[in-house]
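Below is one structure; the comments refer to it alone.
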Amino acid sequence: MSAGQYIKLKGAVGKNAPNHSEDVMTVQARLNHWIYRGLLPNIDFLAVDGKCGEKTKRAIGAFQFLYLGRKNPDCRVDPGGPTLLKMYESLINPQLTLEEFIQFLKNMAEEKFPA
């Protein structure tokens with residue numbers, strides 16, 4: 001059975017999403033798992049508060065960039081989508097180099113995401 005059979009979101013989380021509080025907390029907690037393990041370098045821990053602010057959107061985008069190889073991440077986790085499924089894989093290899101990731105983080109720091 002795949003993670004998608006167990007992980008359910010009522011709606012999308014992130015940029016231009018409904019951001020239901022319990023869904024946001026699910027995504028924040030899972031991202032913190034990756035951060036804790038050192039698998040999202042230079043990303044700070046997220047408050048698991050159910051509020052999808054700029055830090056949460058940036059963390060989603062960083063995850064998509066590094067682990068899905070998206071050069072232009074949408075900073076959104078859709079129910080049953082590839083980002084959610086990847087977040088629940090135990091170990092996956094980055095799709096891009098650490099240098100590309102660090103440059104991506106620098107670029108993200110200069111951008112603002114709309115609420």
Worksheet item: Within segment 69-101, which residues are surrounded by fewer than 18 Cβ atoms within 10 Å (Cβ to Cβ), touching a Pro at 6+ places or on another chain (Cβ under 9 Å) and at pLDDT 90 or above?
Response: 69
Response to the item:
If we keep only residues of segment 17-33 that are surrounded by 16 or more Cβ atoms within 10 Å (Cβ to Cβ) and among the hydrophobic types (A, V, I, L, M, F, W, C), then the residue nearest to residue 80 (Cα to Cα) is 27
Worksheet item: Within segment 34-56, can you find the residues that are surrounded by fewer than 18 Cβ atoms within 10 Å (Cβ to Cβ) and either in contact (Cβ under 8 Å) with a residue 40 or more places away in the chain or within 22 Å of residue 106 (Cβ to Cβ) (or both)?
Response: 38, 39, 41, 42, 44, 45, 53, 54, 55
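The values are calculated or read from the model by the stated rules, or taken from the named source; none is laboratory data. Please read all numbers here as calculations on a predicted model, not as lab measurements. As a convention, Cβ positions derive from the backbone with ideal geometry for all residues, glycine included, and neighbour counts pool all protein chains shown.
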